[in-house]
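Take a look at the structure set out below.
The values are calculated or read from the model by the stated rules, or taken from the named source; none is laboratory data. Given the structure is predicted, the values throughout are model-derived calculations rather than measurements. Here Cβ is always computed from backbone atoms with ideal geometry, including for glycine, and neighbour counts include all displayed protein chains. The area values use the complete protein model at the heavy-atom level, side chains included, leaving out ligands, DNA and RNA. Shrake-Rupley method; radii C 1.70, N 1.55, O 1.52, S 1.80 Å.
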Amino acid sequence: MTSKIAVLPGDGIGPEIVREAVKVIDALKANYGLDVEMEQGAIGGAGYDAAGDPLPAATLELAKASDAILLGAVGGPKYDQLERDKRPERGLLRIRKELNLFANLRPALLYPELAEASTLKPEVVSGLDIMIVRELTGDIYFGQPRGIEERNGERVGFNTMLYSESEVRRVAHVAFQIAMKRGKKLCSVEKANVLECSELWKEIVIEVGKKYPQVELSHMYVDNAAMQLVRAPKQFDVIVTGNIFGDILSDAASMLTGSIGMLPSASLDDNDKGMYEPIHGSAPDIAGQNLANPLATILSVAMMLRYTFGDEAAAQRIDAAVRQVLAEGYRTADIYSEGTQRVSCAEMGDAVVAALR
Ligand code: NAD
């Protein structure tokens, strides 16, 4: 049966990078019989412009009716003055919540050709290949009660760190299953020495781990994990952690590779439906100039093929094509260094398509 992909370009460089990713999907359809159809929808500022809502009802409907979603990026200065509910980023938070996309997968992979791009020493990061699984729909970002109120004559702000057993269990399963397909090592990151919420997290991860005896499970406090990520990041294979710890650690991990334009992500529900997007934003400073690096978005398509469509061969074709264009010396401006060939966003997409043949 033909699978359906909702294509949501969004704002800024979103339409440019998504155009290149669509070229790659079209090439896989033409050359390798990939059986998918695509339909476009508006989200973020584009959604606001089209329907007065950063997540128009038609887009949500399209996303719900699709097997996977490919997203560019949202946001831009034009929308910064809108009331909070109408801002582009709200559309993104809402679609994640509406589709129950609780498991956020962020690989941090350093391509040997780009080792110079990292701020860390090449020997610390060369060959780096880690996967952070971050819980995305719970924790202190959503826990109740929350607010700012008057107590004892002054204002206090408060939030609630909260995880149910079932929330921890389902993301732990995702992480163990990913570890099974990789190096079979999983590190659960929390702060169980101080937080009851983390104590429960750890207990449930250990319980789930009994179903995956082949995976070596370890535990680390988040402060130590932050240190170890920059001290010796290659000790990690898969990391699983809650929403707020994952927010911070995954950004730190992404910068180990030094190139924001290279990093894809996936956000999955419990039926392998997923939304796939680059980790970067809409880059208004370079939007509309054909300068953006489309590789993070193209690699997000590889993740889609791997995690939603279970088509590892097609995913590897994209991964290999990206490696090939880097080895051939093609570089967009953000990863350019002397001696390599500077190309535009569209030329980079064309190079990947050529490498796929
Ligand atoms: P950003 O990621 O858009 O840009 C940071 C820097 O990286 C900029 O200099 C940009 O030019 C560069 N950059 C980003 N992606 C690139 C690419 N593919 N190729 C080459 N260079 C690239 O972050 P920002 O500037 O803080 O935010 C800009 C807008 O994006 C804001 O409105 C923000 O809210 C939004 N945003 C959206 C998402 C998302 O859609 N998931 C994520 C982060 C930020």
The one condition in (1) farther than 30 Å from Ser66 by Cα; (2) of a type in the set (Ser, Thr, Tyr); (3) open to solvent by less than 30 Å² (accessible area, probe 1.4 Å) that Tyr221 fails to fulfil: (3)
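Does Asp247 count as under 25 Å from Ile140 (Cα atoms), more than 15 Å from the ligand (Cβ to nearest atom), surrounded by fewer than 22 Cβ atoms within 10 Å (Cβ to Cβ) and in contact (Cβ under 8 Å) with a residue 60 or more places away in the chain?
The answer is no for Asp247.
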Number of the condition not met by Arg96 [criteria: (1) within 16 Å of the ligand (Cβ to nearest atom); (2) crowded, with 20+ Cβ neighbours inside 10 Å; (3) of a type outside the set (A, V, I, L, M); (4) not in a loop (DSSP other than H, G, I, E, B)]: (2)
Qualifying positions in the stretch 129-182 - basic (Lys, Arg) and either in a strand (DSSP E or B) or outside the structural domain of Lys210 (by TED's automatic domain parsing) (or both): Arg134, Arg151, Arg155
Neighbours by Cβ (under 7 Å, 6+ apart or cross-chain): first from the stretch 74-95, of a type in the set (Ser, Thr, Tyr); second modelled with pLDDT of 95 or more and assigned to a helix (DSSP H, G or I): Tyr79/Gly45; Tyr79/Tyr48; Tyr79/Pro88
Considering residues of the stretch 25-69 that are open to solvent by less than 40 Å² (accessible area, probe 1.4 Å) and in contact with a Ser or Thr (Cβ under 7 Å, 6 or more places away or on another chain) only, the residue nearest to the ligand (Cβ to nearest atom): Ile43
Elements of type helices (runs of 4 or more DSSP H) contained in the stretch 270-357, each with 1 or more residues being open to solvent by 10 Å² or more (accessible area, probe 1.4 Å) and assigned by TED's automatic domain parsing to the domain that holds Val168: none
Search result, residues across the stretch 187-244 that are touching a Phe, Trp or Tyr at 6+ places or on another chain (Cβ under 9 Å) and over 16 Å from Arg134 (Cα atoms): Ala192, Asn193, Val194, Leu195, Leu200, Val208, Gly209, Lys211, Tyr212, Val215, Leu217, Gln228
